[in-house]
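*Asks:* Handing you a structure now.
No lab work stands behind these numbers, since they all come straight from the coordinates. Bear in mind that the values here come from a model prediction, so they are computed numbers and not experimental data. All Cβ positions, even for glycine, are placed from backbone atoms using ideal geometry, and neighbour counts span all protein chains on display.
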């Protein structure tokens, strides 16, 4: 059966497209569902972002970026009742945390960091 399906893939796709191309997505899904065929729409990106369920689950969020202004990001899929996931900030800009890393975490002096910056090391 799978070999026949594979061998006739183009003809099958053409028949499906001929039968569905003149109908709306909702109409095709409804017709298939009424016939007992599990069906759901395949959405494009704009439709996904606008979907009420996607919006209710905050799957896209907005954050202020220091260069680009407000940017839309993918939210976290983790929606746990006692420990909800969330995105509090954007990824750091290049070099944004170098003092915290080199001085505070690794114990180098601010003068060493300044020298490395002047030399283009960091």
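*Asks:* Any idea what the relative contact order of the chain is, in percent, if you count C-alpha pairs under 8 Å spaced at least 6 apart? Provide the component values of the computation, followed by the final result.
*Replies:* Working: 61 pairs, mean separation 11.3, N = 122.
Relative contact order here is 9 percent.
*Asks:* On a 0 to 90° scale, report how tilted helix 25-34 is relative to the longest principal axis of the chain, with both axes built from alpha carbons and the result rounded to the nearest 10.
*Replies:* 60
*Asks:* Using r as the Cβ-Cβ distance of residue 109 and residue 89, and R0 as 25 Å, what FRET efficiency do you calculate, to the nearest 0.05?
*Replies:* Details: r = 28 Å, r/R0 = 1.12.
The pair residue 109/residue 89 has a calculated efficiency of 0.35.
*Asks:* Using only Cα atoms and rounding to the nearest 10 degrees, what angle (0 to 90) does helix 9-20 make with the longest principal axis of the chain?
*Replies:* Compared with the principal axis, the helix lies near 80 degrees.
*Asks:* Rounded to the nearest whole Å³, what is the per residue volume of the convex hull around the Cα atoms of the chain?
*Replies:* Numbers: hull volume 35.1 nm³, N = 122.
Per residue, the Cα convex hull of the chain comes to 287 Å³.
*Asks:* Now, a different point. What is the spin-label model distance, in nm, from residue 60 to residue 30 if the labels are put 7 Å beyond Cα along the C-beta direction?
*Replies:* Result for the modelled spin labels: 2.6 nm.
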